[in-house]
1. Taking residue 217, is it modelled with pLDDT of 95 or more and in a loop (DSSP other than H, G, I, E, B)?
2. Filter region 99-110 down to residues that are under 18 Å from residue 173 (Cα atoms) and part of a strand (DSSP E or B), then give me how many there are.
3. Check 414, 403 and return the single one that is assigned by TED's automatic domain parsing to the domain that holds residue 309 and in a helix (DSSP H, G or I).
4. Consider region 42-56. How many of its residues are closer than 13 Å to residue 142 by Cα and touching a strand residue (DSSP E or B) at 6+ places or on another chain (Cβ under 9 Å)?
5. Give me the pairs, please: first residue somewhere in region 275-298 and without any contact (Cβ under 8 Å) to a residue 24 or more places away in the chain, second residue anywhere and hydroxyl-bearing (Ser, Thr, Tyr) and exposed (fewer than 14 other Cβ atoms within 10 Å of the Cβ), beta-carbon distance under 6 Å, and either six or more positions apart or on two chains.
6. If we scan region 290-305, do we find a residue that is among the hydroxyl-bearing types (Ser, Thr, Tyr) and under 22 Å from residue 196 (Cβ atoms)?
7. How many residues does region 57-78 hold that are surrounded by fewer than 20 Cβ atoms within 10 Å (Cβ to Cβ), of a type outside the set (A, V, I, L, M) and at pLDDT below 95?
8. Could you run through region 73-98 and say how many residues are part of a helix (DSSP H, G or I), among the hydrophobic types (A, V, I, L, M, F, W, C) and more than 15 Å from residue 122 (Cα to Cα)?
Amino acid sequence: MCRTAVAAVSFLIVLCCVGLCPAGEFYNEPPINYSTAPTDDPISRLQRRLDNGSTELAWNEGLGYLKALLHELKIPASSQTLVFSKTSAQRHKIWPSAPRALYFNDDVYIGYVKDSEVLEISSVDPRLGAIFYILLPNPGKKPRFERQTHSCLQCHDSTGLTLGVPGHMVRSVYPDSDGMPMLNLGTFRTNFQSPLKERWGGWYVTGQHGKERHLGNLVFPGEPDLKVLMEVGANRNDLSEFFDASSYLTNSSDIAALMVLEYQAYTHNLITRASYETRIAYLQNKEINKALERPADYVSESTQIRLKAVCDPVLNALLFKDEARFSDSIKGNTTFAADFASRGPRDSKGRSLRELDLEHRMFKYPCSYLIYSESFDALPTEARDYILQRLWQVLNGQDTSKAFDYITPAERDAIREILIETKPSLPDYWRAKQ
């Protein structure tokens, strides 16, 4: 494959063929400077280690750099999810019998396509958001990650799909027997608020979910009977009838990993949007203050409204507001849940925000592990302070609205106690005696 084609690789499941246009390149101007600002994401850090010789990536003839890259970035093989719809630039290599594999941790996503010479990578920069790379084979020499901008952003910058910032998306489609999306039947952008019955069209799904149904493990005729088809794709632990898994790290596409993936991809975009829009709003506020000869620290009402508009959705996602509940318990068929939870941190009682529940909701404690992320900590001071203040108000019952009634008093106490012990950078008022 030529590099021009490879550069257009769509990392997560996206509908390049829909003709979605970028939301705009305002982020290539100050104060964001997306394309020109120095990067400090996990992949750029790894490249520096490779360049100075402090680490190496071993080449494997069958899987290239995949195993070594996962090991270096501490990405478990159990995070593997499999998508077989033809929805990326490498669609000529993707079929139901040859799905694309995705692996991820909290801030890196890696795409592997069977018989392809390239690995697709997206890495989250704390200030810039999603940064896209490809890694081509270079056995015997130092690997080099090549950053991709304009070509990847043709799909990975959309007002409707990535919230108008360079970001990720998880899509559900109705694939035909060749994996081609049947766009006349519709598509879904999925996140933690999506009902399960709309999720995972074009994906393989392994694990148990009782009476719940989804669109995974299926190809669709022209006029599908969804009720009948969804029974066929339900509660699968074995994918051997669909494809030969010997070219992949595992034979699974764990349902728990899929749920975390789609939640995380969406929430990363919310954090990036809050970062961008807050920096722009306060830069413009500063310029207007100067033009009107107002005090430099004056914050206009419109700036405060803009701050609230992009930070409230982050708070809602951190607290899993409007999460789609499920009627039956869900259980993956790999070690993903344990691998994910093991990354901590835990408080003195052994509690962690990374503990999955999967009885009727995703997590045991409805507050996101992404509050520990570099991206959250790198939010502009105004945005981070606003979100932490609102979070404190919710957890202490000072927010008397009905919006967060689904979080019980006991859960609020537990979340507050966990955060106070495990996030040292919290403002002092979090630790003040009530």
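The values are calculated or read from the model by the stated rules, or taken from the named source; none is laboratory data. Every value quoted in this text rests on a predicted model; they were computed, and no experiment measured them. Note that each Cβ is placed from the backbone with ideal geometry, even for glycine, and that neighbours are counted across all protein chains shown.
1. Considered against the rule, which asks whether it is modelled with pLDDT of 95 or more and in a loop (DSSP other than H, G, I, E, B), residue 217 comes out as yes.
2. Count: 3.
3. Exactly one residue qualifies, and that residue is 414.
4. So the answer is 3.
5. That search, which allows pairs on different chains as well, returns 289/298.
6. no
7. The qualifying residues number 4.
8. Residues meeting the conditions: 1.
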